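A.B. asks: The structure follows.
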Amino acid sequence: MSLSTRSDRDRGAILVWFAAFVIVLLGSGALVIDMGSLWSERRQLQNGADAAALAVALDCAKTACTQSQLVALNYAKLSASDGAASVSLCGKGAA
């Protein structure tokens with residue numbers, strides 16, 4: 001048997017390896033995209049929470065904290081790309 005001749009049992013083996021590699025590659029790509037989306041959503045929510053906290057602090061410094069809940073909700077929703085952020089205040093000025 002020489003190096004250039006193949007046996008029939010080896011035919012198609014590269015196709016099996018290629019199919020397995022493609023499945024692993026696509027799965028890894030999907031996982032990376034999902035994790036990136038989760039990271040982006042978390043960052044947006046944190047930015048909204050920070051903006052809402054600063055807006056409430058500014059509202060309380062200028063006025064008597066009468067509209068704190070509304071101000072916080074407005075800033076949180078503006079910072080979220082889907083507009084589905086929610087805010088819950090506790091302490092002084094909470095509605």
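The values are calculated or read from the model by the stated rules, or taken from the named source; none is laboratory data. None of these values were measured; they are calculated from a predicted model. As a convention, Cβ positions derive from the backbone with ideal geometry for all residues, glycine included, and neighbour counts pool all protein chains shown. In case anyone asks, the SASA skips ligands and DNA or RNA and just uses the protein heavy atoms, side chains included. Shrake-Rupley method; radii C 1.70, N 1.55, O 1.52, S 1.80 Å.
A.B. asks: Taking interchain pairs and intrachain pairs at least six residues apart, which have beta carbon atoms under 9 angstrom, with the first residue in region 60-73 and at positive phi and the second outside any helix (DSSP H, G or I) and surrounded by 12 or more Cβ atoms within 10 Å (Cβ to Cβ)?
C.D. replies: As it stands, the answer is CYS65/GLY93; CYS65/ALA94, since those pairs meet every condition given.
A.B. asks: Considering only region 32-59, how many residues are open to solvent by 50 Å² or more (accessible area, probe 1.4 Å), touching a residue at least 12 places away in the same chain (Cβ under 8 Å) and of a type in the set (S, T, N, Q)?
C.D. replies: Summing the residues that are open to solvent by 50 Å² or more (accessible area, probe 1.4 Å), touching a residue at least 12 places away in the same chain (Cβ under 8 Å) and of a type in the set (S, T, N, Q) in region 32-59 gives 1.
A.B. asks: With in a helix (DSSP H, G or I), modelled with pLDDT under 85 and more than 21 Å from the chain's Cα centre (by Cα) as the only criterion, which of ALA64, ALA72 stands out? Spell out how you get there, then give the answer.
C.D. replies: On the way: ALA64 fails: in a helix (DSSP H, G or I).
One residue alone meets the criteria, ALA72.
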